[in-house]
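Chemist: Here you go, one structure.
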Amino acid sequence: MRHASPTLPTILDTFERQFARTGFLPPQAPVLTLPGPYQVVPDLIPTLASAYGDTGVRPLIREAVASWPRDLHAGLAALDADQRDALLSATTILMHLYRWNAVPVDPARFHEHPEFPRALAHLFRTLSDARDLPPCGSLYTLKYLNWRSPDVTPGEPYDADTLHAGNVRIAHPWQEGVAGEQLDLWIQTFVLAEARGLGVLRAGMAALRAAHKQDCAALEAALEDLHHAIRTVARGINVYTRFHVIRTDLWRVHTQPTFGWGLTEQGRLLEGASGLQLGATQFADLALGVPFSGPLGGALLASRAYLPPEQRAFLTAWDGHRRDVRAGVTGWGGSRARDLFDACVQDMERWRVSHRERGSAYLRGDGRAHVMASTGTQFSAGTPHDQDFRHLMNSRIHDTRRQRIADDLL
Ligand code: HEM
């Protein structure tokens, strides 16, 4: 062991206090039943399923909202934080369903700003503002707050390690039949990716601690864990994004469109839920010091606005340490630490290459022209844009590769 640095970064305490059990998933399992009048909101979602795949949900939502109690607003203060999050998630889903009306999406939807039912829109904005989130859906509100598991108790703390393929399902589905099964799998894909991502956070934090203590053995152990953890996340995602699981022919027409938003708010196009908002990969980049340069790096930084404020603050605090692990490895780490660090960088590169290939295949779909509502940087109607996506991913792959230490030594 070298000289221990006198103080350890406070982010290590923040991690232990707030993120050690569930990472970027909610700290309590999503609440499924709301008190008093509020249950009407989540209850509405599954009743829309057949219309969402057919003539459209707008008349049904308007009619239901017109019968909601007038004082839904007044009682919000009586809800606890997890209940408010559950209500935010349900209102967000209803807003997205109203925004798109039906799948396949009508191209006209891209060029209108719908008149949302006032009571719904008001409730949604109040809850989004109170949570300091943009007024549209996100990975957190549409997916991470919308699952159930027989192995966790709604509203209670849980460990993300308990979640695995087979015990996580969508909580409030809005599609039925095969489209409903696909939607369920899509939610599972992200919830499980973030659950496995906790391994990335644990290893990244251990690496930071070791770097500050200048403890070479601990640094090697942490980098070995990080190497396994990144591969576990990537493998988990790739198990779902196989064409016979998440189906390429259905994904871009039936599954993905609901998650985009694409309305402009005070001059800014709001994205909706996107892979950019995956906490685990944002965190892995920071652990390895991958710069947020280039078009995708910039988009990744901008997408943090869609994360809840406590997660945003955690990433911002981590930003300040993004050179620490690599500096330890190159400064006083031995050749094993260097090899392990490079293995982690290579894991991120490989995940990005596989994501580029699989993502392109999903964006191409069945090769026919369909209306496509994607999210993030790719928001557009009707145009297959797998080439744009390839360019974007290539820029990020390049930035990742540049972190390799072996290349510095050549
Ligand atoms: C299978 C179909 C998929 C397609 C077509 C797709 C497409 C895209 C696109 C176009 C981007 C660029 C940013 C944007 O415009 O949103 C992106 C970024 C990203 N996606 Fe996906 N994605 C897919 C699946 C997934 C899954 C299942 C995950 C993880 C659970 C994921 C995680 C990410 C991440 C982390 C990024 C940020 C870029 C990076 O860090 O390398 N994607 N994806």
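Chemist: Specify whether the C-alpha gyration tensor of region 272-317 places it in the rounded, prolate or oblate class, a ≥ b ≥ c being the square roots of the eigenvalues: rounded for a/c under 1.5, otherwise prolate if a/b is larger than b/c and oblate if not.
Modeler: Oblate, since a/c reaches 1.5 and b/c is not below a/b.
Chemist: Between Arg235 and Ala361, take the C-beta separation as r, use R0 = 22 Å, and let me know the FRET efficiency to the nearest 0.05.
Modeler: Approximately 0.75, to the nearest 0.05.
Chemist: Determine the dipole magnitude for region 11-409: charges of +1 sit on the beta-carbon of Lys and Arg, -1 on that of Asp and Glu, nothing else is charged, the reference point is the Cα centre, and the result goes in debye to the nearest 20.
Modeler: Around 680 debye, computed over region 11-409.
Chemist: Can you tell me the Rg and the Dmax, both Å, for the Cα atoms in region 239-322?
Modeler: 15.2, 43
Chemist: Within a Cβ distance under 12 Å of Phe259, other residues only, what is the Lys/Arg minus Asp/Glu net charge?
Modeler: Residues close to Phe259 contribute a combined charge of +2.
Chemist: Sticking with this structure for a sec: Quick check: from the Cα gyration tensor, does region 183-276 come out rounded (a/c under 1.5), prolate or oblate?
Modeler: oblate
Chemist: Using 10 Å bins from zero, what percent of all Cα-Cα pairs in region 1-64 falls into each bin?
Modeler: Per 10 Å bin, starting at 0, the Cα pair percentages come out as 16, 23, 20, 17, 12, 8, 5.
Chemist: Using a simple spin-label model with points 7 Å from Cα along the Cα→Cβ vector, what separation in nm is obtained for Gln266 and Thr153?
Modeler: If labels sit at Gln266 and Thr153, their model points lie 4.1 nm apart.
Chemist: Based on Cβ point charges of +1 for Lys and Arg and -1 for Asp and Glu, what charge dipole magnitude is obtained for region 235-284 about its Cα centre, in debye rounded to the nearest 20?
Modeler: Value, rounded to 20: 220 debye.
Chemist: Among all stretches of the chain without exposed chymotrypsin sites (Phe, Trp or Tyr not before Pro) (DSSP loop, at most 15 other Cβ atoms within 10 Å), which one is longest?
Modeler: That would be 1-242.
Chemist: Can you give the extra length, in nm with one decimal, that the chain gains between Val245 and Glu115 once fully stretched, where that is 0.36 nm per residue apart less the Cα-Cα distance?
Modeler: 43.2 nm
Chemist: Rounded to whole Å and sorted largest first, list the principal axis extents of the Cα atoms in region 252-291.
Modeler: 34, 29, 12
Chemist: Now a separate question. What whole-number distance in Å separates the alpha-carbon centres of region 227-254 and region 24-94?
Modeler: Comparing the Cα centres of region 227-254 and region 24-94, I get a distance of 29 Å.
Chemist: Considering the dipole of region 217-317 built from charges on the beta carbon (Lys and Arg +1, Asp and Glu -1) around the Cα centre, which of Ala317, Trp261, Leu286 is farthest to its positive end?
Modeler: Value: Trp261.
Chemist: Also: Answer rounded, prolate or oblate for region 25-126, using the Cα gyration tensor with square roots of eigenvalues a ≥ b ≥ c: rounded when a/c is under 1.5, else prolate when a/b is larger than b/c, else oblate.
Modeler: prolate
Chemist: Under the Kirkwood approximation for Rh and a Cα-based Rg, what ratio Rg/Rh is obtained for the chain?
Modeler: Checking Rg against Rh, the ratio lands at 0.98.
Chemist: Give the Cα extents of region 59-208 along the principal axes, in whole Å, largest first.
Modeler: Sorted largest first, the three principal extents are 50, 39, 31 Å.
No lab work stands behind these numbers, since they all come straight from the coordinates. Predicted model only: the values in this text are computed from it and were never measured. Note: ideal-geometry Cβ built from the backbone for every residue, glycine included; neighbour counts use all protein chains shown.
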